[in-house]
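Asker: What follows is a single structure, and I will ask about it in a moment.
What follows is calculated from the coordinates using simple rules that are stated; it is not laboratory data. Values in this document were obtained by computation on a predicted structure and should not be read as measured data. No Cβ is skipped: glycine too gets one built from the backbone with ideal geometry, and neighbour counts run over all protein chains shown.
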Amino acid sequence: MMQIISVNIGRPRYVEWHGEEVATSIFKTPVAGLHQVQTLGIVGNEQADLTVHGGVKKAVYVYPSEHYAYWREQLPDTRFDWGAFGENLTTEGLTEDVVYIGDRLLIGTAAFVVTQPRMPCYKLGIRFDRLDMPKRFFKSGFSGLYLAVLTEGTIEAGNPITLVPGDRAHGTIAEMFRTKSQ
């Protein structure tokens, strides 16, 4: 079964990183209840740098809960709460190897289309206070996926996810991530 485990939101905050003040919204917190989804994402969530995050094609970031066990094993002294990777939706059953670019997802009263894998940036290093985190993220193959909003609506933790296959011409998210990370 595919479902939302957690809805996570955050707003920009400034942190010091190697002597510089950096704006980031990678720190997400799980939130309960119904949440409105609009064209640019979940109401209450904001991106700090719209040149690389957010926008119509990257309105919602999804990360599979299945990957958390891997990260807990790799970094046993690190706390991994839902939303730790900056994802808006922590999901179950929706992994990169079963989802294709162009697939549609029906969740709650909203509809989405899968647009691309996430390419890691230095802000993962900020989130985990580890310079090697972007490299580890690439090596893991666990990119998560970005969604565009097709139909505005409401979602909440526990909602089932219905996957409606697209044309499947563009490959899975896992295949796209491997291609881009080489």
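Asker: Using the Cβ atoms and a cut-off under 15 Å, what net charge is assigned to the surroundings of residue 4, where Lys and Arg are +1 and Asp and Glu are -1? Spell out each step's value before the answer.
Answerer: Working: positive: 28; negative: 66, 87, 92, 156.
Around residue 4, the surrounding residues sum to -3.
Asker: 7 Å from Cα along Cα→Cβ at both residue 38 and residue 121: what's the point-to-point distance in nm?
Answerer: 2.2 nm
Asker: For residue 154 and residue 3 in the same chain, what is the full-extension length gain: residue separation times 0.36 nm, less their Cα-Cα distance, in nm?
Answerer: On the way: separation 151, 0.36 × 151 = 54.36 nm, distance 1.43 nm.
Fully extending the segment from residue 154 to residue 3 adds 52.9 nm.
Asker: Okay, moving on. Looking at the chain, how many pairs of lysines come closer than 21 Å at the Cα, when each pair is eight or more places apart or spans two chains?
Answerer: Within the chain, the lysine pair count is 12.
Asker: Run the simple label-point estimate for residue 140 and residue 109 please: 7 Å along Cα→C-beta, distance reported in nm.
Answerer: For the pair residue 140/residue 109, the computed spacing is 3.4 nm.
Asker: Here's another thing I want to ask about it. What order do you get for 141-148, 159-166 when each peptide is scored by the mean count of other beta carbon atoms within 10 Å, highest first?
Answerer: The peptides rank, most packed first, as 141-148, 159-166.
Asker: Give me the distance between the Cα centres of segment 13-51 and segment 113-147, rounded to whole Å.
Answerer: Between the Cα centres of segment 13-51 and segment 113-147 lies a distance of 15 Å.
Asker: Could I ask something else about it? State, to one decimal in nm, how far the label point of residue 79 lies from the label point of residue 17, with both points 7 Å from Cα in the Cβ direction.
Answerer: Label-label distance for residue 79 and residue 17, simple model: 2.0 nm.
Asker: So which residue, out of 120, 76, 12, gets the largest mean-square fluctuation from a GNM of the chain using Cα contacts under 10 Å as springs?
Answerer: Judging by the Gaussian network model, the answer is 76.
Asker: When only C-alpha pairs under 8 Å and at least 6 residues apart count, what is the relative contact order of the chain, in percent? Each step should come with its number before you reach the end.
Answerer: Working: 437 pairs, mean separation 54.9, N = 182.
Answer for the chain is 30 percent.
Asker: Helix-derived [θ] at 222 nm for the chain: sum -39500 (n - 2.57) over DSSP H runs of at least 4, divide by residue count, nearest 500?
Answerer: Calculated from helices alone, the mean residue ellipticity at 222 nm is -4000 deg cm²/dmol.
Asker: Given R₀ = 22 Å, FRET efficiency for residue 52-residue 98 by Cβ-Cβ distance, to 0.05?
Answerer: Here the calculated transfer efficiency is 0.25.
Asker: Could the peptides 65-71, 112-118, 83-89 be put in order, highest first, of the mean number of other beta-carbon atoms found within 10 Å of their residues?
Answerer: Ranking, from highest mean packing down: 83-89, 112-118, 65-71.
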